[in-house]
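The structure appears below as structure tokens.
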Amino acid sequence: MTRGEFLDRLGESLEGELNESEIQKQVAYYEQYIIEETKNGKNEETIIESLGDPWIIARSVISGVEMSGGYQSEGYNTDIYGEEQYDSGEEAYRQDKVHVYTFGKWWQKSLLVLAIVGILAGIISLIMGIISIVLPILIPVMIIVFILRHFSGGKR
């Protein structure tokens with residue numbers, strides 16, 4: 001894979017997940033890295049192979065942005081909803097740091113449904129397992145209690 005192909009695939013993998021300036025920033029970072037390494041005498045193809053799959057790199061970048069709660073760039077903090085707030089360079093103390101998990105992608109929704117179904121199936125299986133253990137013991141005990149009450153009640 002050439003440098004151009006690698007950078008194109010990286011940019012395509014980031015599209016729709018990050019804003020355009022963040023995509024350009026990430027692509028420029030990896031382009032600069034490849035250029036620096038080739039200046040150090042390494043083969044471009046070897047460098048690209050050592051970086052790995054651009055899609056995996058994109059997933060890592062996106063996860064990092066989601067974990068940090070937004071994009072960081074030159075004095076502005078852009079939250080995940082695209083709203084920019086000026087940051088003086090110091091980490092502003094905010095008491096309302098709440099992370100909201102959204103399930104916007106189809107696979108996230110599917111995973112949530114599967115998790116709920118799995119939990120319900122586990123609960124049902126646990127209940128059925130307990131019943132299958134207790135029922136063979138409980139039925140004879142109930143029959144014995146019924147017989148004792150029936151015969152002891154008739155003699156009084």
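Odds and ends about this structure:
- When segment 13-48 is filtered for residues that are surrounded by 13 or more Cβ atoms within 10 Å (Cβ to Cβ) and closer than 13 Å to Val61 by Cα, the ones remaining, listed by number, are Ser13, Leu14, Glu17, Leu18, Asn19, Glu22, Ile23, Gln24, Lys25, Gln26, Val27, Tyr30.
- Sub-6 Å Cβ pairs linking a first residue in segment 1-15 that is farther than 15 Å from Tyr33 by Cβ and among the hydroxyl-bearing types (Ser, Thr, Tyr) to a second residue that is open to solvent by less than 80 Å² (accessible area, probe 1.4 Å) and in a helix (DSSP H, G or I), at least 6 apart or interchain, are Ser13/Pro54; Ser13/Ala58, ordered by first then second residue.
The values are calculated or read from the model by the stated rules, or taken from the named source; none is laboratory data. A quick note: this is a predicted structure, and the numbers were derived from the prediction, not measured. As a convention, Cβ positions derive from the backbone with ideal geometry for all residues, glycine included, and neighbour counts pool all protein chains shown. Note: areas computed on protein heavy atoms with side chains; ligands, DNA, RNA excluded. Shrake-Rupley method; radii C 1.70, N 1.55, O 1.52, S 1.80 Å.
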